[in-house]
Every structure is written in structure tokens, then in C-alpha cells.
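Below is one structure, written out as C-alpha cells, with a few remarks after it.
The values are calculated or read from the model by the stated rules, or taken from the named source; none is laboratory data. Given the structure is predicted, the values throughout are model-derived calculations rather than measurements. Neighbour counts run over all protein chains shown; Cβ positions are idealised from the backbone, glycine included.
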Amino acid sequence: MEYRLIDGVDKPVSRLVFGSASGPFSEGRDMCELLDAALEAGINTIDTARVYGMSEKSIGMWLGRRDVRDRVVIISKCAHHDGARKRVSRKDILEDYAVSTDLLGTDYIDIYMLHRDDPEVPVAVSVEVFNELHEQGRIGAFGASNWTHERICEANDYAISHGLIPFTVSSPNFSLAHQKEDPFGGGCVTITGPENAAARAWYEQSQMPVIAYSSLGRGLLTGRLGSGDMAIADSVLDEYAVRGFVCEENFLRLKRCEELAAKHGCSVPQIAMAWLYRQKVNTFAVATMSSPKRIRENIEALSVKLSDEEERYLNLEQ
């Protein structure tokens, strides 16, 4: 496992992040054995959110039964929109934080992020409440998911000009599979694709840590589908994956992943993860993992080395 440091977190953070936005976690089931396997393998960072059903309850169950809290980095997110109502307010942030920490059974969250943005709400609101929570020792690092880099710059300019701590982490979509359409119908931000070159350049220059969600195209690049299975994708993937990632270009990328997987003697998701890890963006990849075998395979992707030519091939540049 590889680890990197994030400002505001007092532990190294694993570059592979255990994602809990999946059925068993959202149902609040006992996932202790799987989380044990992840931690034993070196994955010390777990991603959750207030909107992921009862995921925080499953994680809290594990934390309550194991003496591991000081070894684990918990990421959670707040202020997700509720239908048409945008919830990026001080009240919403604090209410979500209270519920999250209660379910997690912990009095602090290592990395806390806004889940969505509302450009009509001044950045001062979130910057100030996050600084308060940090000063009280209730959160470590903080930042935003699905904020544009321009809005993050605005928030950080405000923080610095007022003697406050700026955002030090971001969580957009980032993947070999391009997000052709917003999977959830609004509010999602991706830094993948040529149209987002300016955003990637900013992340490359700033080296702000990127907690990349849907790092395998929300299941498209996990090996569940072959490159010839586009016609049956809607029977294998969920509606969000179909809306966001099913298109001819992504299936061509999948085909090229298959070719390189055969060449390197590894799996399709390992090729897709290897592509992500070699980017100049300071990337931490969120992936859902349903078994110890998949945990090991995703970790092994860190040792798969692609050439510049192979990266261009996956990018459809040749």
C-alpha cells in the first residue's frame, strides 16, 4: 500500500480508499469482517457520507467492536441536496455532522467535506463553520466534493484573507471512463476529459489531494462487463452508471483495458486503477470492494506500471 499526507490529518492516508456507497453498507449491515480485511491489507481510509443510507452505522458498528479508531482515517460528507432544496447552510452542516458522529460512534471525523455546492451561498458560510469544527477538535482536514476548482479558490481566498484555514482536500469524479452526463441529474463535478483540462492543470499545479469517486466508472471498468456487452449494460449496472458512463467511447476504453490487462497479466480494473495512479493529479482512489480478493486486487494495481504510450492508448489519443 502507498500512503500520502493530507494537511489536517494526523495519520498517513492510504491511496486506495474503501468506498461504502454500496448495498450492504447502505442497509446498515454488519461489515466488520470485510473492514477487518481492508485494514489488515493496509487500507486505513474509509469513505462515507450522510446520504449513503446507513453506511455510517455499519462503519460505527465496526469502530465500536474493534480498537482501531486511532489507526483509521474516516472521510464523511455533509450538506447533500434534498431534492430541489439545496442544503449548503450552517444549520444543515451542523445537523448532518451531529447525525454522522452519532452513527459512527466517534467524536471527530478525520476528513469532512461538503457533498454539493450552492453557488448562491457565500463561501464564507462553509469556511467559517468548518474552521469552528476544526478548532473544537471535531474535524481534521476539510474541503468539498463536487465543487469546481474556481469555487474552491474562492473559498480559499476568503479563508486566507480572514486568517482562517483553507480547504485542503477535494472530491470530484476522476476516472479513465469519461462522465458523459451527470449521473445524478445535477450537482456532480468531474475533472475527466479534454473539456476539464483547466481543472486538471489546477490540481496538478496545486497538488490539492483529490479523493476520486467513481474511479472505475461506477462499475463499468470493474470487469463485470466485457467490451462487447454494451447492449446489456443496463441489466448489469445501475441507472446512474448507465446515465453517466455507458457510451461507445468508454466501451472502447474498456476494450483497450482488456488488451493491456492480457499484456500485463492482470485484470481490467487493475489497468484502470494503474492509469489513475500515474496521473499528475495527487489522487486517492475511492473504490467499493465486496471481498478480500477484490481488496487485494485493487491494492496490487499500485504495482502495475503503464508506459506513456499505453496511457495515450487508453486515452484514445492513438
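Numerical summary
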| read-out | value |
| --- | --- |
| Among the candidates Thr148, Thr168, Thr192, residue that is without any contact (Cβ under 8 Å) to a residue 40 or more places away in the chain and hydroxyl-bearing (Ser, Thr, Tyr) | Thr192 |
| Those strands (runs of 3 or more DSSP E) lying entirely in region 1-119 with at least 1 residues modelled with pLDDT of 95 or more and either more than 14 Å from Ile211 (Cα to Cα) or of a type in the set (Gly, Ala, Ser) (or both) | 16-19, 73-78, 109-114 |
| From the options Val73, Val51, residue that is touching a strand residue (DSSP E or B) at 6+ places or on another chain (Cβ under 8 Å), more than 21 Å from Ile6 (Cβ to Cβ) and in contact (Cβ under 8 Å) with a residue 12 or more places away in the chain | Val51 |
| Region 129-151, subset assigned to a helix (DSSP H, G or I) and surrounded by fewer than 16 Cβ atoms within 10 Å (Cβ to Cβ), residue nearest to the chain's Cα centre (by Cα) | Glu150 |
| Selection from region 27-59 of residues that are under 16 Å from the mean Cα position of the chain (by Cα) and small (Gly, Ala, Ser) | Ala49, Ser55 |
| Pick from region 74-123, criterion among the small types (Gly, Ala, Ser) and over 18 Å from the mean Cα position of the chain (by Cα), ranking: farthest from Ser26 (Cα to Cα) | Ser89 |
| Complete set of residues in region 233-285 that are aliphatic (A, V, I, L, M) and in contact with a Gly (Cβ under 8 Å, 6 or more places away or on another chain) | Val236, Leu237, Ala241, Leu254, Val268, Ala272 |
| All positions within region 282-307 that are surrounded by fewer than 21 Cβ atoms within 10 Å (Cβ to Cβ) and of a type in the set (A, V, I, L, M) | Leu302, Val304, Leu306 |
| Residue within region 176-184 that is of a type outside the set (S, T, N, Q) and within 20 Å of Arg15 (Cβ to Cβ) present | yes |
| Subset of region 235-278 that is under 13 Å from Glu310 (Cα atoms), in contact (Cβ under 8 Å) with a residue 40 or more places away in the chain and not basic (Lys, Arg) - its residue that is surrounded by the most Cβ atoms within 10 Å (Cβ to Cβ) | Ala272 |
| Subset of region 230-273 [over 18 Å from Ser303 (Cα atoms), of a type in the set (Asp, Glu) and either touching a Ser or Thr at 6+ places or on another chain (Cβ under 7 Å) or outside any helix (DSSP H, G or I) (or both)] | Asp238 |
| Among (1) in contact with a helix residue (DSSP H, G or I) (Cβ under 8 Å, 6 or more places away or on another chain); (2) touching a residue at least 60 places away in the same chain (Cβ under 8 Å); (3) closer than 23 Å to Val73 by Cα, the one test that Glu297 misses | (2) |
| Hits in region 207-229 - residues which are outside any loop (DSSP other than H, G, I, E, B) and either basic (Lys, Arg) or out of contact with any Leu (no Cβ under 9 Å at 6 or more places or on another chain) (or both) | Val210, Ile211, Tyr213, Arg218 |
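Conditions (1) aromatic (Phe, Trp, Tyr); (2) touching an Asp or Glu at 6+ places or on another chain (Cβ under 9 Å); (3) within 26 Å of Gln207 (Cα to Cα), marked per residue:
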site	(1), (2), (3)
Tyr3	yes, no, yes
Asp10	no, yes, yes
Val13	no, yes, yes
Ser20	no, yes, yes
Glu33	no, no, no
Thr45	no, yes, yes
Ile59	no, no, no
Arg66	no, yes, no
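Conditions (1) within 26 Å of Ile109 (Cα to Cα); (2) of a type in the set (Asp, Glu); (3) in contact with a Cys (Cβ under 9 Å, 6 or more places away or on another chain); (4) not in a loop (DSSP other than H, G, I, E, B), marked per residue:
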position	(1), (2), (3), (4)
Glu154	yes, yes, no, yes
Tyr158	yes, no, no, yes
Ile165	yes, no, no, no
Ser170	yes, no, no, yes
Lys180	no, no, yes, no
